[in-house]
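Read through the structure below, which is laid out as structure tokens, and then see the notes.
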């Protein structure tokens, strides 16, 4: 192979590598700014945490969080229901209660219109089993996640938070963006700020 042939080939590989590096940097920057944008300008809500099964406590350096809003009563689901089992997302309207904690006011498998005095939080994908999930029982409910069920803490500091969480002493401040995505802004113990997420 001549030097003339090798040189353009090396330049082509260098250009591809440079292009991939720029693309990776752009994607990473977009992800960071997307999260920071929600923390900076999203609507703030206060959530009450719920106890977690003691067999599913601290995993590594994060605490598992569950919320009262993670249980969506079937009676509050409006609009059309999926005709067949499959992966679904829901939109859940939250409104503040008299105690300051936000609770489920409405849920739908379709888009919910924005209303003053409420926020719409979108669930993560979950498997919907069909009519069995929407039984007519008065107490029937769906269990959903919102992507805010983990909070990373310094190593060794999770046990105290777990104890407080299961005793009902832990609350979480969440910012909700226009897309319906939530980000944890602050973790509180007995009303006092324990950890706060930086923008970057």
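The values are calculated or read from the model by the stated rules, or taken from the named source; none is laboratory data. Treat the numbers as computed from the prediction; the structure is a model and nothing was measured. We place every Cβ from the backbone using ideal geometry, glycine too, and count neighbours over all the protein chains shown.
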Quiz item: Within the range 104-181, which strands (runs of 3 or more DSSP E) (wholly inside it) include 3 or more residues that are surrounded by 12 or more Cβ atoms within 10 Å (Cβ to Cβ)?
Solution: 119-122, 150-152, 170-176
Quiz item: What are the residues in the range 182-200 that are part of a strand (DSSP E or B) and within 19 Å of the chain's Cα centre (by Cα), if any?
Solution: 182, 183, 184, 185, 186, 187, 188, 195, 196
Quiz item: Say we look at the range 73-103 and pick out the residues that are more than 23 Å from residue 139 (Cβ to Cβ) and not in a loop (DSSP other than H, G, I, E, B); which of these is nearest to the chain's Cα centre (by Cα)?
Solution: 87
Quiz item: Can you tell me which residue in the range 113-146 is modelled with the lowest pLDDT, limited to those that are closer than 17 Å to residue 78 by Cβ and under 18 Å from the mean Cα position of the chain (by Cα)?
Solution: 142
Practice problem: Collect the residues in the range 89-99 that are at pLDDT 95 or above and surrounded by fewer than 18 Cβ atoms within 10 Å (Cβ to Cβ), keeping them in residue-number order. | Solution: 89, 95, 96
